[in-house]
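Here the structure is laid out as structure tokens; the discussion comes afterwards.
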Amino acid sequence: MSTSPTTSQAKAAAESRWPESASLFDRATRFLPGGNTRSQLYVAPHPLYVERGEGARITLVDGQVLDDFLLNYTAAAVGYGNPHVRKAVERALATGAPFGMPTRWEIELAEALEERVPALKRVRFTNSGSEATLHAIRTARAYSGRTLVAKAEGAYHGSHDLTDFSVYTIADEPLGIVPGTRGIPAALADQIVLFPFNDLDRTIAVLEGRKDDLATVILEPFLNSAGAIRADGEYLQGIERWCRENEILLTLDEVASFRVSYSGAHSDAGITPDLICLGKSIGGGFAVGAFGGSEEVMAILDPRDSRHIKHAGTFNGHPATMAAGRAALEVLDRDAIDRMNRLGGRIVEGIRAIGADHDLPLTAAGYGSIGNIHLGRTPPRNAREALDLPKQPVVDLYWALIERGYVIAPRGQFSTCAVTTDDQVDGLIEALADCAPSALKDVDDR
Ligand code: PMP
């Protein structure tokens, strides 16, 4: 592989600053493409490796301690090593699990979720958010007998082929459909209907044109991957109304957004989806996903019905995951969620104030405890606007923050967890105020 002079300079600098990470990266690349096992975690010149985490802090293999606002891309909602979660997991593992037969642990997490989310009358567990959306879509297709799936431009619904269209790369022409990566069959694009996020009239016009073939409309309450861009309440309500009037199933992808409200983000907007996908925060740090909804729709997964559809997964409902999830939900009570949201809001406001005070194209979008830096004058309203903003200087900010003892995502995402403190938030805002003016001085002001 050839490297440019700037890349090798950056690599040399990182090597002397984080030698242990550099050496692990070299070792890792002999076996793992890009030095790890999740494309998103590669960052040039090499990722930093973590030794351990406790509360809302991590320690790198190099010994540096960082206040963590990355929190495994929002999944570590209870922080690291939460004692309540650990105890529950230890109890579950003491049973010798997992088994090829069901256990009480999955019933308990299902009950806890149903208590919080009235629309989740029946639920099935998976091992990831991607599997949750995959099976929710299959369920909607089987239930409706139709094929097309409508999704918003810039919405990420997981790594499986069907939904990975027009996420990080979107077409120049309005609503052109682009595969998220090579290897996804172009023919699958025919099964996707793309609509513009946060534009109700145009969305309804698109859906109207295809409604006879639509199995489901899948929607995120905020575009998480595109930069924490919240959907207007009226937008969600308008789509829900249209789906009801036209008897089309509405699938809400709450894999990321569930943690912003006790009963999920859909409850903030006052809507009732037919299917809901969950993941991340409901696993207490373990690999998890879930999909569920009304009794009527979910009934087609019941093997007692001869027309049932299949949903497989060797590790579905793993007792350790179920126990961790249930304990995490106990930690994430109404008070914890309010506190996390308040702290998330403080970061968003703090970033906007730094932009205004220093006259920089620096702002943030956010929803509750999750937010994202954007290098513009006003927060973007959709993925098209977000993708148009400069990205590399956000990565520069990521490195500058690490130098100062804080970590966010290289693409600018941040979140708070149940044990994040006001002091940590003050520190992050101060660190940003310290590094943003120089890191962003040459940013293209759009
Ligand atoms: N849907 C949304 C809204 C997500 O944010 C994600 C993960 N970023 C997924 C689905 C996929 O979840 P997982 O990474 O657990 O497969």
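The values are calculated or read from the model by the stated rules, or taken from the named source; none is laboratory data. Note that this is a predicted model, so its numbers are computed, not measured. A quick note on method: Cβ atoms are made from the backbone with ideal geometry, for glycine too, and the neighbour counts reach across all protein chains shown. Quick note on the areas: whole protein, heavy atoms, side chains included, nothing else; ligands and nucleic acids left out. Shrake-Rupley method; radii C 1.70, N 1.55, O 1.52, S 1.80 Å.
Summary of computed values
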quantity: Test for GLU234: is it within 19 Å of the chain's Cα centre (by Cα), among the acidic types (Asp, Glu) and within 24 Å of LEU207 (Cα to Cα); calculated: no
quantity: Enumeration of residues in segment 193-237 that are in contact with a Pro (Cβ under 8 Å, 6 or more places away or on another chain) and more than 16 Å from the ligand (Cβ to nearest atom); calculated: PRO196, ARG202, THR203, VAL206
quantity: Matching option when the condition is surrounded by 14 or more Cβ atoms within 10 Å (Cβ to Cβ) and farther than 21 Å from ARG404 by Cβ, among SER23, SER39, SER8; calculated: SER23
quantity: Hits in segment 164-177 - residues which are closer than 19 Å to ALA231 by Cα and either within 16 Å of the ligand (Cβ to nearest atom) or not assigned by TED's automatic domain parsing to the domain that holds PHE222 (or both); calculated: SER166, VAL167, TYR168
quantity: Segment 106-138 - residue that is near the ligand (Cβ under 10 Å from one of its atoms) and surrounded by fewer than 23 Cβ atoms within 10 Å (Cβ to Cβ) and, of those, farthest from ASP164 (Cα to Cα); calculated: ASN127
quantity: Filtered residues of segment 303-315 (kept if out of contact with any Asp or Glu (no Cβ under 8 Å at 6 or more places or on another chain) and closer than 22 Å to ASP253 by Cα); calculated: ILE309, LYS310, HIS311, ALA312, PHE315
quantity: Residues that are open to solvent by less than 30 Å² (accessible area, probe 1.4 Å), among the β-branched types (Val, Ile, Thr) and more than 16 Å from the chain's Cα centre (by Cα), drawn from segment 357-382; calculated: THR363
quantity: Single unsatisfied condition, ILE347 versus (1) within 28 Å of SER128 (Cβ to Cβ); (2) open to solvent by 10 Å² or more (accessible area, probe 1.4 Å); calculated: (2)
quantity: Selection within segment 292-313 - surrounded by 13 or more Cβ atoms within 10 Å (Cβ to Cβ) and over 14 Å from ARG141 (Cα atoms); calculated: GLY292, GLY293, SER294, GLY313
quantity: Residue in segment 261-274 that is away from the ligand (no atom under 13 Å from the Cβ) and crowded, with 24+ Cβ neighbours inside 10 Å present; calculated: yes
